Amino acid sequence: MSGATAATYEWLYREFTDSTDSTWLHVCFVRDLSPEVALRRIGVTPGPLGESGFGVAAYRAGGGAVLIECGWAGIVHEEAASLSVGTAAASVCATTEGDDFAYRVDGRLITAFDLYSYPDRSGSDPDRLQADVEALGMDVDGEAPEFPRDVVSRALALAERATGVHLSPARYAGPALLGPVDHLDPYR
């Protein structure tokens, strides 16, 4: 099991957070899939981005692949079920419109929750990641006096712990397989 902490992914959180502390990040960690297979599963063909400039970057990571969306629709978060078939996928959506975590195994939703409302989780086994959530210092019972400032970094660490997939800054800085998403809903 991974020992990832919030500090492990503070760099990724900061990469997608602007000077006003607004974050726009859609990411999915997928165990045992290559970037090529992961893109194919969500209907993305590698190639240059279309007119909108929206797309998905797929990174080879330790233990699998990590997909990061360049855009606003949350395709990688919404398509995590198809990414998890025969394996496991954990997605994090952190935007001004919502902050969610979802963990799926073989197409089934195991647990999902709003990053600021863990007690309201859902799924077929919503407590499966409880020990990791507690170890990461996330608000388990909804009674913490204030939210930790690094809740997104903690959720990214939880995605690694759940899937065993690790994205290092070096892998992120390296080449990614990129493909356009203009043909996918809701981009049409």
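Using the beta-carbon distance between D120 and T45 and R0 = 35 Å, what value does 1/(1 + (r/R0)^6) give for FRET efficiency, to the nearest 0.05? Working shown, then result.
Working: r = 37 Å, r/R0 = 1.07.
Given R0 = 35 Å and the Cβ-Cβ separation, E is 0.40.
Using the average count of surrounding beta-carbon atoms within 10 Å as a protection proxy, the listed peptides 124-135, 57-68, 160-171, 12-23 rank, highest first, as 57-68, 160-171, 124-135, 12-23. What the phi angles of segment 39-52 give under the Karplus curve with 6.51, -1.76 and 1.60, with θ = phi - 60°, is a coupling list of 4, 4, 4, 9, x, 10, 9, x, x, x, 5, x, 4, 6 Hz, glycine and proline written as x.
Using a simple spin-label model with pseudo-atoms 7 Å out from Cα toward Cβ, D32 and F16 lie 2.5 nm apart.
With semi-axes defined as the square roots of five times the eigenvalues of the C-alpha gyration tensor, the equivalent ellipsoid of the chain measures 25, 18, 16 Å, largest first. Extension gain, Q130-R149: 0.36 nm per intervening residue step, less the Cα-Cα distance, totals 4.8 nm.
Heavy-atom accessible surface of E78, to the nearest 10 Å², is about 130 Å², with a 1.4 Å probe and all protein chains retained. Based on Cα contacts under 8 Å between residues 6+ apart, segment 29-130 shows a relative contact order of 20 percent.
Hey, got the dipole for the chain? About the Cα centre, +1 on K and R Cβ, -1 on D and E Cβ, debye to the nearest 20?
Details: 14 positive and 28 negative charges, 172 e Å.
Here the size comes out at about 820 debye.
Here the Karplus curve 6.51 cos²θ - 1.76 cosθ + 1.60, taken at θ = phi - 60°, turns the phi angles of segment 61-71 into couplings of 10, x, x, x, 9, 10, 10, 10, 8, 9, x Hz, with x standing for Gly and Pro.
Please give the calculated 222 nm ellipticity per residue for the chain, where each DSSP H segment of at least 4 residues contributes -39500 (n - 2.57) and the sum is spread over every residue; nearest 500 deg cm²/dmol?
Working: 7 runs with 45 residues, N = 188.
Rounded to the nearest 500, it is -5500 deg cm²/dmol.
Annotation: amide H-H contacts under 5 Å for G62 (H modelled 1.01 Å from N, sequence separation of 5 or more, or interchain): H166, S168. Can you work out the base-10 log of I(q)/I(0) for segment 52-97 at q = 0.17, 0.18, 0.34 1/Å, using the Debye formula on its C-alpha atoms alone? Here log10 of I(q) over I(0) equals -0.51, -0.57, -1.36. The long axis of helix 151-163 is offset from the longest Cα principal axis of the chain by roughly 80 degrees.
For segment 14-63, go through all pairs of different Cα atoms, get the mean of 1/r, take its inverse, and jot down that Kirkwood value in Å. Walk me through the intermediate numbers first.
Details: mean 1/r = 0.0777 Å⁻¹.
Kirkwood hydrodynamic radius for segment 14-63: 12.9 Å.
Starting from one equal scatterer on each C-alpha and no solvent at all, send me the Debye-based log10 I(q)/I(0) for segment 27-123 at q = 0.10, 0.18, 0.21 Å⁻¹, two decimals. Evaluating at q = 0.10, 0.18, 0.21 Å⁻¹ gives log10 I(q)/I(0) of -0.25, -0.79, -1.03.
Taking other residues whose beta carbon is less than 15 angstrom from the beta carbon of L49, and scoring Lys, Arg as +1 and Asp, Glu as -1, yields -3.
The values are calculated or read from the model by the stated rules, or taken from the named source; none is laboratory data. Values in this document were obtained by computation on a predicted structure and should not be read as measured data. Reconstructed Cβ throughout: ideal geometry from the backbone, glycine too, with neighbour counts over all protein chains shown. Just so you know, the surface numbers come from the protein's heavy atoms only, side chains and all, with ligands and any DNA or RNA stripped out. Shrake-Rupley method; radii C 1.70, N 1.55, O 1.52, S 1.80 Å.
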